Each structure stands twice: as structure tokens, then as C-alpha cells.
1. Between residue 20 and residue 1, with labels modelled 7 Å along Cα→Cβ, what's the label distance in nm to one decimal, could you check?
2. Say the cut-off is 23 Å between C-alpha atoms; which of 170/298; 35/177; 23/240; 223/313; 27/298 go over it?
3. Which percent of the accessible area of the chain is formed by carbon and sulfur heavy atoms (probe 1.4 angstrom)?
4. Treating each Cα of the stretch 71-121 as an identical point scatterer and ignoring solvent, apply the Debye formula and state log10 I(q)/I(0) at q = 0.13, 0.26, 0.27, 0.28 Å⁻¹.
5. Taking the alpha-carbon distance from residue 251 and a cut-off under 14 Å, which aspartates and glutamates remain once sequence neighbours fewer than 8 residues away in the same chain are dropped?
6. Would you mind calculating the relative contact order of the chain from Cα pairs under 8 angstrom and at least 6 residues apart, reporting the percent as a whole number?
7. Starting from the Cα coordinates of the chain, work out the convex hull volume and express it per residue in Å³.
8. How would you order 230-239, 23-32, 2-11 from highest to lowest mean count of nearby Cβ atoms within 10 Å?
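The values are calculated or read from the model by the stated rules, or taken from the named source; none is laboratory data. All of these numbers come straight from a predicted model, not from anything done at the bench. Note that each Cβ is placed from the backbone with ideal geometry, even for glycine, and that neighbours are counted across all protein chains shown. The area values use the complete protein model at the heavy-atom level, side chains included, leaving out ligands, DNA and RNA. Shrake-Rupley method; radii C 1.70, N 1.55, O 1.52, S 1.80 Å.
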Amino acid sequence: MNDKEILHFINTNDKNEIESLFKRAGKVREEHYGKSVYIRGLIEVTNHCKNDCYYCGIRCSNTNIERFRLSINEILDCCQTGDELGFKTFVIQGGEDPWFTTERVIELISLIRQRYPTHAITLSLGERPATDYELFFQNGANRYLLRHETASAEHYTALHPSLQTLATRKQCLCELKKIGYQVGAGFMVGSPFQTPDCLLADLRFLEELQPQMVGIGPFIPQKDTPFCSYPQGDLTLCLKMLAITRIILPKALIPATTAMGTITPNGRELALNAGANIVMPNLSPVKAKKLYSIYDNKIILGDEAAENLQLLKEKIINAGYEPDMSRGDAKQ
Ligand code: SAH
């Protein structure tokens, strides 16, 4: 798709045009992945974070939040629950918490790898030195999620304190790819100061990076952040971005995110219809789910909880898809 077409889709309100974009994306998804929707188990391991992203509820300046951190044993318990439920991918996600030293993360990955030799281990622990990424990979991690947030350097500066830069973020993503991880990038839709050109830059960056996974979700204000009074991202725009991503990266694994399900009750079903093919129910203990409050009103009950897997599977089937509990690696 050329720039003009993409900007046209971003701006159009024509229902038929939007619907046919979603259909086209759905077809592309079907060519590569059929009707399968892969199910991953998400474990939120810590809400301590040394970063201060203006949009995020677990930013270090937020004093109005109870902090938690799961012990290695608690994380292993979550994996065991997940394994018993049939999960073949564990996604270990957290803030950039210095407690998770190189040694501790290696210990954690090695223990998970030892117990579950064939499961996929996905990490989402933020920016780390390349040597860490290398060691985590050698010890059994397979995938790494690190959203680029916005591919416009100027916009990145508007969303983060000056210590955090787009250049560093891109550098991390390149290193992860080079090491051999299946890499996930992604961005928020409707974050403050975002323009259509920012979104275009996001898509062009994805084309260049060729990540195996792309996480896209609406910005949702969190009450204790500097962006508390900005409006939430628009669902339709989010779905359009998801659909275009599917068309330009046909084999990408694209989640129907919790954030989409948070702003609209059937948000994740709509995301599946626009080309998504992953869901990530939450395996964390209830307390962790509540305290991992990156945005307000995060859904944690019902099919969002991994324990209610059956309900989630039924919803996927009712939406016309097939729940798939296999590892679901990216197609080459
Ligand atoms: N599992 C979550 C995604 C969390 S991944 C979901 O499905 O929605 C962590 C990402 O959350 C960050 O990279 C950032 O893009 C996003 N995030 C942080 N604060 C946010 C906010 N206020 N609104 C929306 N997304 C936010």
C-alpha cells in the first residue's frame, strides 16, 4: 500500500470502505493461518518500573500505586497452572524492574525451560543490554515483545522523558532480531499528540523491521499519569491500523489486545474480524492482575482470566474462529 492509500484509510469514515478493508485483512490472515486463533498465557510478574512513560500507570513517579513483584516460585506456579490448562506459550511481562537482574531472569528462564522443554517462552521485560538478551536466548527464551510505541522520534519525545529515546528502542529491537528471537513490536493508537503521519511512520517502521508479532491497542488514560485527561484512542482507527498491518505483514502474529477488550465489550472479537489471530488471557494471581494497572478499567474478569479458558474458547468459536492451543510460532 502506498502512503496515499494508507492515509486515506486512516482518514475515511466510509463504512463500506472500512468494512472491505477488514474483509481484505481477514482473507490475508486466513491464507496463512486459516481460522486459528492462538492462545497464550500472560503472566504479569512485576509492576515496579524504573521508567517514567507519561502514559503508563506503573511509571516510577506514580506514588499512588501499590507495587508488587512475583517471586520466582510464584511465577513457576503460574506456569504450572497454565500448563495444566493446556497453554504452550508463557508470556513473562513486567515493568523494567531492577530486581530482575540478569542472574535472576536466567534462573527463571532455565527453570521454566527445564520443566517445559517444548513450550515457548516469551519475554516482555523492556530495554536491557544486548548481552542480557543474548543470555536469555541461550537459556531458552524464544520470543521477545517490546513495542516501539511510536516510530516518530518527535512523538516519542512527547510520550517519554528525555532519558528514553526512539533510537535506543529501535536498537534493542534490532539486537533482539539479530540474536534470533521472534520479535514483537507495536504501538498505541490515539496516544496524545499522535498524527496520521505518526501512524504512517509506525507502519513503515514495521515493514522495515519485519517483526514476527505486532501489538496494537488504543491509548487509555490512567488517572495517576500526566496524560490522565487525554481522550482514549478510537476503536475503529485501532482496527484499521490492525487490518493494514495484517495486509502489509501477512504472516505476523497479531493479538486482539486486552486494551481493545477494555474499551469495547466485543473489542477483541472485532479485532479478530480485522485480522488479529492471538489472544493472551491472564494467568497472573488476582492481586497481580489488579495492580498491573497500566491503564484504567483494565478487564481482568471473565474470559480475560486464563482460568476461564472454556469461556474464551466459546467466544472464539462464536466469533467464527478456531481456538488453537499449540505453540503457534510465526510462519516463515
Ligand atoms: N497486555 C496488554 C499490553 C501490555 S504490553 C494489552 O493487551 O493491552 C505493555 C504495553 O502497554 C506498552 O508497551 C504500551 O504500549 C501499553 N500501554 C502502557 N500504558 C498504556 C495506556 N495508558 N494505554 C494503552 N496502552 C498502554
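1. Between residue 20 and residue 1, the label points sit 1.4 nm apart.
2. The answer is 170/298; 35/177; 223/313; 27/298.
3. Carbon and sulfur together cover 52 percent of it.
4. -0.29, -1.09, -1.16, -1.22
5. 30, 31, 207, 329
6. Here the relative contact order equals 26 percent.
7. So the per-residue Cα hull volume is 119 Å³.
8. Per-residue mean Cβ counts within 10 Å order the peptides as 230-239, 23-32, 2-11.
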